[in-house]
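Written below as structure tokens is the structure these notes are about.
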Amino acid sequence: MAALVMGTGVARAEPDKLAVAFGARENIENGSLSPDGTKLAFISPSKGQGAVILVLDVTDENAKPMIIGGFDGKPERLSGCRWVGSSRLMCTIYGIVRVDGGEIAYSSRIFAIDSDGKNPKGMPMPRGVGIALSSGSVIDWNPGVENSVLLMRQQLGDGNADGMGRGGYRVDRVDTLSLKISPVERADADAREYITDGAGRVRIIGRVKTDTASGYDMPGRNYFYRAAGSDRWSALSTVDGDGNGFDPYGVDAATNIAYGLKRTDGRLAAYSKALDGSGAEKLVFAHPDVDVSSFATIGRRGRIVGVNYVTDRRQVQYFDPALAKLAASLAKALPETPIIRFLDSSEDENVMLLWAGADTNPGRYYLFDRKGRKLHPIASDRPDLSGMKLAAMRPMVYPAADGTKIPGYLTLPPGHDSAKGLPAIVMPHGGPGARDVWGFDWLAQFFAAKGYAVLQPNFRGSTGYGDAWFQKNGFKGWKTAIGDVNDAGKWLVAEGADAGRLGIFGWSYGGYAALQSAVLDPDLFKAIIAVAPVTDLSRLRREGEMFSNYKIMRDFIGEGPHLAEGSPTRHADRFKAPVLMFHGDLDRNVGVAQAKAMQSKLKGAGKRSELVVYEGLDHYLEDGEVRAAMLAKAGAFFDAAMPAK
């Protein structure tokens, strides 16, 4: 079995070696195993935002990965590849550009290519009145015809005044060799989701209601299903605007049931629902403390094998006894990397691609031969960190001002068992509909390597802990969320961290939290770093007006006094600590105008602030050299703003 060792190609001449090592993009992304289990395909970074497609013959111990294609990221970028046959791949590329009028446009395309790099073919684009920004999305990788997929594609309207030409989403089977298109489902103007049985048959459709005056989607979704052998749609479930109701995820054709999530006692639980007309619903798994986050699947068919949830650590409850036993066995065989994920498998599931990692291990890919009971290492996620001692991430809780116990993770520099005497950083997560989890975190590890204690709070407004914890969300309930973030800083000081060297770093909503923390308590943090931050809630609402889900986003942010009270741009006069911001100018998640407005307000108020804008980059700054430069500047900023005594 071949082993793969690759470097990132990042120059070692950078002045800050820690920043270069931690800022490097992951060595392998989107690994996929061919149906016959003989070849591994994956994406690997190249210069800038570029990436290449590599294929490795895993049956040959002397084989080396072969580059079969690539894009330079200017603007075309690779987002992933999967096998449509034993010798053919389908990949997605996308680009983010600024068009006339200054609007930022996102466009994606799908193409197929042989495993030796030959015979590339792009999927045809939809035609009609308007501009097609996507050639579709794959909803079934194994429709029963070799080298074919099922694509959900947008059908553009023909502009007829009678409305008969109104567009919608349809499903086609596409032969990736001949590009022959075979209609499977006619266009449905209200369809937003199709779910198949993993073998080429569409079993569930999700429809929305549209505001006829504005064209925006209304909150909620209605689901319909087909019984086995029938073409007629029947009502399955309704998910309302608050997310209540059975939300289907996938179909198991063998048992003729749909799996989905549904709220039970204020938390998301896993349910099954019969597709035989009986409507029989069964609770599959619920956890008393946390939400079920998703379903675990395996292989091209997307066979559902369990549920995922997170307590202190990621957990999987397997439905498949053999897979549960295998996961337990692998965890014992790899004790230093207890996080085990089954990423893909051969068609017969005898060869499996898996990933194993931990807080102090960025992760490694393996192939497991189930018949031979052999585990073969393939490659490391971050070879630049090989041999470097990383910091342990410790689950913990701290008290909020009202006595509520807030869960989080504390990462201390190697060799330290407490924050006593250390400079410290609070690092709130993005979202706000998200949470931090135990495992390797390149940002926390960088600052820990620099000697800082890092606390990542799962403040109220985080997801994963149920409705009572999420409350109104981190924007409507900003006072509670930011109060919890600030209380994380106060706890660090109470534990002995240096109060004069307490900083805060956040990305996206975390950047918002970092800035808003100074509005709530200007004296607490001595230095503030915000990456791609939201700075004005009213502006954030306006940014969503061009998207079909604007009403949903508008309602999420809400309206009322909190729009002004919870916007850092409205309170620049309260800042005392110096501020450093980073933002990409092609950010569709949070427009760069947010950071520019904050910079203008802070400068106008005579405050110390700097904004670094990266041209041609989006919300995630997926460029290893840029990330290295950002880390180096961030580390120097904290060191200068909070010098050791």
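The values are calculated or read from the model by the stated rules, or taken from the named source; none is laboratory data. These figures come from a predicted structure and were not determined experimentally. Virtual Cβ from ideal backbone geometry, glycine too; neighbours counted across all protein chains shown.
Given the criteria buried (at least 23 other Cβ atoms within 10 Å of the Cβ), touching a Leu at 6+ places or on another chain (Cβ under 7 Å), at negative phi and among the aliphatic types (A, V, I, L, M), does ALA453 qualify? If you could, list the steps in order and put the result at the bottom.
Details: buried (at least 23 other Cβ atoms within 10 Å of the Cβ): yes; touching a Leu at 6+ places or on another chain (Cβ under 7 Å): yes; at negative phi: yes; among the aliphatic types (A, V, I, L, M): yes.
So ALA453 passes the test.
Which numbered condition in (1) outside any loop (DSSP other than H, G, I, E, B); (2) closer than 27 Å to GLY439 by Cβ; (3) aliphatic (A, V, I, L, M) is the only one that VAL290 fails?
(1)
Looking at this structure, is ARG226 touching a strand residue (DSSP E or B) at 6+ places or on another chain (Cβ under 7 Å), basic (Lys, Arg) and either within 28 Å of THR297 (Cβ to Cβ) or at pLDDT 95 or above (or both)? Let's see the steps before the verdict.
On the way: touching a strand residue (DSSP E or B) at 6+ places or on another chain (Cβ under 7 Å): yes; basic (Lys, Arg): yes; either within 28 Å of THR297 (Cβ to Cβ) or at pLDDT 95 or above (or both): yes.
It is true that ARG226 is touching a strand residue (DSSP E or B) at 6+ places or on another chain (Cβ under 7 Å), basic (Lys, Arg) and either within 28 Å of THR297 (Cβ to Cβ) or at pLDDT 95 or above (or both).
Go through the range 191-209 and count every residue that is surrounded by 19 or more Cβ atoms within 10 Å (Cβ to Cβ), among the hydrophobic types (A, V, I, L, M, F, W, C) and touching a residue at least 24 places away in the same chain (Cβ under 8 Å).
4
Please state which one of ILE131, ILE139 is modelled with pLDDT of 85 or more and either of a type in the set (A, V, I, L, M) or crowded, with 18+ Cβ neighbours inside 10 Å (or both). Quick ask: steps written out before the conclusion?
Values: ILE131 fails: modelled with pLDDT of 85 or more.
ILE139 is the lone residue from the list that is modelled with pLDDT of 85 or more and either of a type in the set (A, V, I, L, M) or crowded, with 18+ Cβ neighbours inside 10 Å (or both).
When you go through ASP242, ASP188 one by one, which is the residue that is among the acidic types (Asp, Glu), under 30 Å from GLY85 (Cα atoms) and modelled with pLDDT under 95? Working first, answer last.
Values: ASP242 fails: under 30 Å from GLY85 (Cα atoms).
Matching residue, one of ASP242, ASP188: ASP188.
Any residue at all in the range 536-553 that is touching a strand residue (DSSP E or B) at 6+ places or on another chain (Cβ under 8 Å), β-branched (Val, Ile, Thr), modelled with pLDDT of 85 or more and in the same structural domain as GLY451 (by TED's automatic domain parsing)? Step through it out loud before you land on a result.
Restricting attention to the range 536-553, the residues satisfying the condition of being touching a strand residue (DSSP E or B) at 6+ places or on another chain (Cβ under 8 Å) are 548-549, 551-552.
If we keep only those that are β-branched (Val, Ile, Thr) too, we end up with 552.
Next cut, modelled with pLDDT of 85 or more only: none.
Scanning the range 536-553 turns up no residue that is touching a strand residue (DSSP E or B) at 6+ places or on another chain (Cβ under 8 Å), β-branched (Val, Ile, Thr), modelled with pLDDT of 85 or more and in the same structural domain as GLY451 (by TED's automatic domain parsing).
Does at least one position in the range 344-367 carry a residue that is outside the structural domain of ALA499 (by TED's automatic domain parsing), farther than 26 Å from TRP141 by Cα, in contact with a strand residue (DSSP E or B) (Cβ under 6 Å, 6 or more places away or on another chain) and crowded, with 21+ Cβ neighbours inside 10 Å?
Within the range 344-367 (the criterion being outside the structural domain of ALA499 (by TED's automatic domain parsing), farther than 26 Å from TRP141 by Cα, in contact with a strand residue (DSSP E or B) (Cβ under 6 Å, 6 or more places away or on another chain) and crowded, with 21+ Cβ neighbours inside 10 Å), the answer is yes, since at least one residue qualifies.
All but one of (1) more than 30 Å from the chain's Cα centre (by Cα); (2) among the acidic types (Asp, Glu); (3) within 19 Å of ASP291 (Cα to Cα) hold for ASP242, so report the exception by its number.
(1)
Take the residues of the range 379-405 that are within 24 Å of the chain's Cα centre (by Cα) and among the small types (Gly, Ala, Ser): which is surrounded by the most Cβ atoms within 10 Å (Cβ to Cβ)?
The selected residue is ALA391.
Of all the residues that make up the range 276-296, how many are at pLDDT below 95 and under 27 Å from ASP348 (Cα atoms)?
Number satisfying all stated conditions: 0.
So the check is Cβ under 7 Å with 6+ separation or different chains; which pairs have a first residue in the range 335-355 that's among the aromatic types (Phe, Trp, Tyr) and a second one that's in a strand (DSSP E or B)?
Correct list of pairs: PHE342/ILE298; PHE342/MET352; PHE342/LEU354; TRP355/ARG341; TRP355/LEU343; TRP355/GLY363; TRP355/TYR365.
Can you tell me which of LEU261, LEU236, LEU283 is within 30 Å of VAL437 (Cα to Cα), buried (at least 20 other Cβ atoms within 10 Å of the Cβ) and free of Cβ contacts under 8 Å to residues at least 60 places away in the same chain?
Working: LEU236 fails: within 30 Å of VAL437 (Cα to Cα); LEU283 fails: buried (at least 20 other Cβ atoms within 10 Å of the Cβ).
Of LEU261, LEU236, LEU283, the one residue that is within 30 Å of VAL437 (Cα to Cα), buried (at least 20 other Cβ atoms within 10 Å of the Cβ) and free of Cβ contacts under 8 Å to residues at least 60 places away in the same chain is LEU261.
Limited to the range 53-74, what total is found for residues that are more than 16 Å from ASP114 (Cβ to Cβ) and assigned to a strand (DSSP E or B)?
Residues meeting the conditions: 1.
Quick check, is THR404 modelled with pLDDT of 95 or more, in the same structural domain as THR38 (by TED's automatic domain parsing) and polar (S, T, N, Q)?
On the way: modelled with pLDDT of 95 or more: yes; in the same structural domain as THR38 (by TED's automatic domain parsing): no; polar (S, T, N, Q): yes.
Taking the combined requirement at face value, the residue does not satisfy it.
Every residue in the range 51-61 that is touching a strand residue (DSSP E or B) at 6+ places or on another chain (Cβ under 7 Å) and surrounded by fewer than 19 Cβ atoms within 10 Å (Cβ to Cβ), please.
First, the residues of the range 51-61 that are touching a strand residue (DSSP E or B) at 6+ places or on another chain (Cβ under 7 Å): 51-58.
Selection gives VAL52, ASP57.
Just one of LYS64, LYS39 is out of contact with any Gly (no Cβ under 9 Å at 6 or more places or on another chain) and either of a type in the set (A, V, I, L, M) or surrounded by 18 or more Cβ atoms within 10 Å (Cβ to Cβ) (or both); which is it? Give the derivation first.
On the way: LYS64 fails: either of a type in the set (A, V, I, L, M) or surrounded by 18 or more Cβ atoms within 10 Å (Cβ to Cβ) (or both).
After ruling out the rest, the residue left standing is LYS39.
Looking at ASP484, ASP521, which is the one that is under 27 Å from HIS287 (Cα atoms) and assigned by TED's automatic domain parsing to the domain that holds PHE447? Talk me through it step by step, then tell me what you get.
On the way: ASP521 fails: under 27 Å from HIS287 (Cα atoms).
One residue alone meets the criteria, ASP484.
Taking only the range 591-608 into account, find how many residues are more than 23 Å from the chain's Cα centre (by Cα) and either surrounded by fewer than 20 Cβ atoms within 10 Å (Cβ to Cβ) or within 28 Å of PRO75 (Cβ to Cβ) (or both). Walk me through it before giving the result.
Looking only at the range 591-608, we keep the residues that are more than 23 Å from the chain's Cα centre (by Cα), and these are 593, 596-608.
Right, trim to either surrounded by fewer than 20 Cβ atoms within 10 Å (Cβ to Cβ) or within 28 Å of PRO75 (Cβ to Cβ) (or both) and you get 593, 596-600, 603-608.
Selection size over the range 591-608: 12.
List the pairs whose first member sits in the range 473-496 and is within 13 Å of VAL454 (Cα to Cα), whose second member is among the aromatic types (Phe, Trp, Tyr) and crowded, with 22+ Cβ neighbours inside 10 Å, and whose Cβ atoms are under 9 Å apart, counting only residues at least 6 apart or on separate chains?
Every condition considered, the pairs that remain are VAL485/PHE459; ALA488/PHE459; GLY489/PHE525.
List every residue pair whose Cβ atoms sit under 7 Å apart, with the two residues 6 or more apart in sequence or on different chains, where the first one lies in the range 430-447 and is under 16 Å from PRO395 (Cβ atoms) and at pLDDT 95 or above and the second, anywhere, is among the charged types (D, E, K, R) and surrounded by fewer than 20 Cβ atoms within 10 Å (Cβ to Cβ).
Within 7 Å, the pairs are VAL437/ARG314; TRP438/ASP312; TRP438/ARG313.
With the range 339-397 as the region, which strands (runs of 3 or more DSSP E) entirely inside it contain at least 1 residues that are farther than 22 Å from GLN315 by Cα and not aliphatic (A, V, I, L, M)? It would help to see each step written out before you state the result.
Details: elements: 339-345, 351-358, 361-369, 374-380.
Result: 361-369, 374-380.
Given the criteria within 23 Å of GLN456 (Cβ to Cβ) and without any contact (Cβ under 8 Å) to a residue 60 or more places away in the chain, does HIS583 qualify? Let's see the steps before the verdict.
Details: within 23 Å of GLN456 (Cβ to Cβ): yes; without any contact (Cβ under 8 Å) to a residue 60 or more places away in the chain: yes.
So HIS583 passes the test.
Restricting attention to the range 67-79, report how many residues are among the small types (Gly, Ala, Ser) and crowded, with 19+ Cβ neighbours inside 10 Å.
Initially, the range 67-79 is screened for residues among the small types (Gly, Ala, Ser), giving 69-70, 73, 79.
If we keep only those that are crowded, with 19+ Cβ neighbours inside 10 Å too, we end up with 73.
Qualifying residue count for the region: 1.
Could you list, in sequence order, all residues of the range 142-165 that are at pLDDT 85 or above and of a type in the set (A, V, I, L, M, F, W, C)?
VAL145, VAL149, LEU150, LEU151, MET152 - these are the residues of the range 142-165 that are at pLDDT 85 or above and of a type in the set (A, V, I, L, M, F, W, C).
State yes or no: is SER418 surrounded by fewer than 15 Cβ atoms within 10 Å (Cβ to Cβ) and free of Cβ contacts under 8 Å to residues at least 24 places away in the same chain? It would help to see each step written out before you state the result.
Working: surrounded by fewer than 15 Cβ atoms within 10 Å (Cβ to Cβ): yes; free of Cβ contacts under 8 Å to residues at least 24 places away in the same chain: no.
No; evaluated as a whole, the condition is false for this residue.
Looking only at the range 625-645, count every residue that is surrounded by 15 or more Cβ atoms within 10 Å (Cβ to Cβ) and at pLDDT below 95 and tell me the total.
Residues that pass the stated criteria total 0.
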